[in-house]
Amino acid sequence: MKKIFSIFAITTGALMFASCSDFLDQTSESEHTDGDVWESTYYTSLRVNKLYGALGQDRTYSQDLAIVWNMNSDCELVDGLGNNATVTSSERGAMNFNMDPGWTKINDLWTAMYGIVEDANVNIKNIRESSLFTSGSKTNKELMQRYLGESLTLRAMIYFDLVRIFGDIPFKTEVSNSDLGNVYLGKTDRDEIMDKLMTDLEEAITYLPWADDATNFTTEHVTKGYAHGLLAQIALTKAGWAIREAAKPGYETASNANDKTISDGTYPTQRPDAATRNALLQKAIDHFAKLISSGKHNLNPSFGNEWYLINQLTLDQTYRENIFEMPMGENYTGELGYTVGVRLNGKTTEYGYSNSTGKMKVTAPLLYSYEAGDTRRDITISPLEIKEDDGKTVETMLGNAPFGLYVGKWDPRKMNAGWLANNLVAEAKHFTGINPVKMRFANVLLWFAEAMNELYGPTAVNATCGLSAYDALAKVHNRAFTVNTGTDEKPALVNNPQDANTFLTTAKSGQDAMFEAIVKENMWEFAGEGFRKYDLIRWNLLYAKIKEFKQQYINDLTNGVYQADIYFNYKNDAKTKIDMSTITWNGLPTGKTAADYAGTVKSFGSSKTDTGKDTQVDTNLPSISSGLTGEYGVTVNVKNRYLMPIGSTTISASNGKLHNSYGYSD
């Protein structure tokens, strides 16, 4: 029996806690008969709560799928540099695309994710057969329909993520038989899987309500809005590029010209024919437009307030920009702010127990890519860490760490009083309870802009939502330049001055220019959040953009873009709080000298490109994503191999049904 669990984990007990009180209520189904469970809306709700609770496991969305598996991209990287980047038995090597089926966390993720699938299958079957669903009162039937919609949507989300990680996988939508006759399955083509997921989501949309705080159906549930968005995201993904186990007839194969797109001779990178792509893009547009036109979700006018609320564990009940937040629970689960975020380097008197936020880093080229005045830069990138020094908690600049900048979006300085009280007395790892955000309205606007631009160009207006590709892009871009004269907690916003800036004017000039603008905006808006890698993959730009980032770093060093020394001032006389607005990233301002600043540190420009001995240039840079780019002595046998292998334990337990592809061993 143990072998079965590594393929389709069959779970019955409550798995994990979550942040909303209703998700804490997960009484085991084993305490009741099947008739009790599915003929009661209350007990059925517990079975649905169990699905949400399972999202809080480390091997699902508390850590791995919120942080680890979303690396590397051209702006986000795992903290494995140098020799660590080639160690295949840890995240540090695996996320540099030096992967091995023997890494045990691959099996653990597979088991945990298929465990959720199995529980969802049980829900879906039994809800459909319940008399409350088929012939119950209006109130009971609507509740059971909602529970079915939630189960269908969560199963679709899980399968979609498995497809994006592994490619073709076993696809099981029925409950496991007692004789296990339907447990051992081979792979199903991912396109077939995504077609079925979109069909399921079409049904789920008819059952699910919109997010509505008045009825406590919040964005910690999957809602009608998320089902629309997920369906459209799946359509975009199916329309995009993907590495294949074998060439598919009628599909377009990428070329290797100038490394702008890339494909392997044995395992080609392909996308569907033009007619199929156009139909999928139209499907995506239709669902995005319905979501946009609903008015249930909008951009928070303040990017800073958006991230303040996330750190405060407070749902945005005004704009609902976060279309689905996976519910976590402070003290119980949630690695955001601990495994990634602003660094607490050691225990401090002001914030308490240290965190371990080194796992995901962002880069100097990302920092320097932002336009002047873009408020996202200093929220997204943290060039400092917080330490204890002589009885005081102080902020210290990192110096020459071009590939070691912290992600600033999760910040202990913005976390709520409950977290702080607990962290001050903590003596071990303390879960933050911060919700991973699975989809933002900003995603929807940029995805909508992408699909509209490809089918209709930059300026054609969609009749349903009244936006063009340009309009949707401009909403995201302009928000970033809104001036806040208040605080992130209580913004006081000044009218946006960016409507006619060069970036947007250029984007409007044609389809190619618009697409390039969307690719850039995607990076500026979402760096650190785990979206970019998968968008680059479906654009077949992951390899090209990683190579481009590396060359950009060398170019910036050569051209003197980076400062050898940077200067800054403090917010207070005790010199414990750095004033980020004073950092001289682009050299001393006119009329200023070094004497005008209280702090200085060596920065990115202190590296050299002509010595052959510089750690950043000659060791760290080539090691980044070396399993994809073929640097640092790594031989790449399969081009564009971004997919993970199936774990060795999973394969050995599959009764010969599963084997690895893409050059991986079993």
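Things worth noting here:
- Where Lys283 falls short, out of the listed (1) open to solvent by 50 Å² or more (accessible area, probe 1.4 Å); (2) not in a helix (DSSP H, G or I): (2)
- The residue that is nearest to Asn300 (Cα to Cα), counting only those in the stretch 420-444 that are out of contact with any strand residue (DSSP E or B) (no Cβ under 9 Å at 6 or more places or on another chain) and open to solvent by 10 Å² or more (accessible area, probe 1.4 Å), is Phe431.
- Of the criteria (1) buried (at least 17 other Cβ atoms within 10 Å of the Cβ); (2) in contact (Cβ under 8 Å) with a residue 60 or more places away in the chain; (3) closer than 22 Å to Asp378 by Cα, which one Lys577 fails: (1)
- Taken across the stretch 632-645, residues that are under 27 Å from Leu398 (Cβ atoms), open to solvent by 10 Å² or more (accessible area, probe 1.4 Å) and either basic (Lys, Arg) or in contact (Cβ under 8 Å) with a residue 40 or more places away in the chain (or both) do occur, with at least one present.
- Take the conditions (1) open to solvent by less than 10 Å² (accessible area, probe 1.4 Å); (2) under 30 Å from Gly229 (Cα atoms); (3) among the hydroxyl-bearing types (Ser, Thr, Tyr); Ser382 misses just one of them, which is (2).
- In the stretch 247-263, the residues that are open to solvent by 20 Å² or more (accessible area, probe 1.4 Å), in a loop (DSSP other than H, G, I, E, B), in contact (Cβ under 8 Å) with a residue 12 or more places away in the chain and under 22 Å from Ser661 (Cβ atoms): Ala247, Lys248, Gly250, Tyr251, Asn256, Thr261
- Complete set of residues in the stretch 321-347 that are more than 25 Å from Glu385 (Cα to Cα) and either of a type in the set (Ser, Thr, Tyr) or under 18 Å from the mean Cα position of the chain (by Cα) (or both): Glu321, Asn322, Ile323, Phe324, Glu325, Met326, Pro327, Met328, Tyr332
Yes or no, residue by residue, for (1) among the aliphatic types (A, V, I, L, M); (2) open to solvent by less than 70 Å² (accessible area, probe 1.4 Å); (3) closer than 30 Å to Ala85 by Cβ:
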| site | (1), (2), (3) |
| --- | --- |
| Gly587 | no, yes, no |
| Lys592 | no, no, no |
| Ala595 | yes, no, no |
| Thr600 | no, no, no |
| Gly605 | no, yes, yes |
| Thr609 | no, yes, yes |
| Thr615 | no, no, yes |
| Pro622 | no, yes, yes |
| Leu628 | yes, yes, yes |
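- Pairing residues of the stretch 295-313 that are without any contact (Cβ under 8 Å) to a residue 12 or more places away in the chain with residues that are in a loop (DSSP other than H, G, I, E, B), at Cβ distances under 7 Å and at least 6 apart in sequence or on separate chains, gives Leu309/Asp316.
- Counting only residues that are modelled with pLDDT under 95 and open to solvent by less than 10 Å² (accessible area, probe 1.4 Å), the stretch 314-332 holds 1 of them.
- Set Val87, Val78: member being within 30 Å of Glu548 (Cβ to Cβ), without any contact (Cβ under 8 Å) to a residue 12 or more places away in the chain and out of contact with any Cys (no Cβ under 6 Å at 6 or more places or on another chain): Val87
- Condition check for Phe568: open to solvent by less than 70 Å² (accessible area, probe 1.4 Å), touching a residue at least 60 places away in the same chain (Cβ under 8 Å) and under 27 Å from the mean Cα position of the chain (by Cα): no
The values are calculated or read from the model by the stated rules, or taken from the named source; none is laboratory data. Since we're looking at a predicted model, the values are computed, not measured. No Cβ is skipped: glycine too gets one built from the backbone with ideal geometry, and neighbour counts run over all protein chains shown. Surface areas here come from the heavy atoms of the whole protein model, side chains and all, with no ligands, DNA or RNA. Shrake-Rupley method; radii C 1.70, N 1.55, O 1.52, S 1.80 Å.
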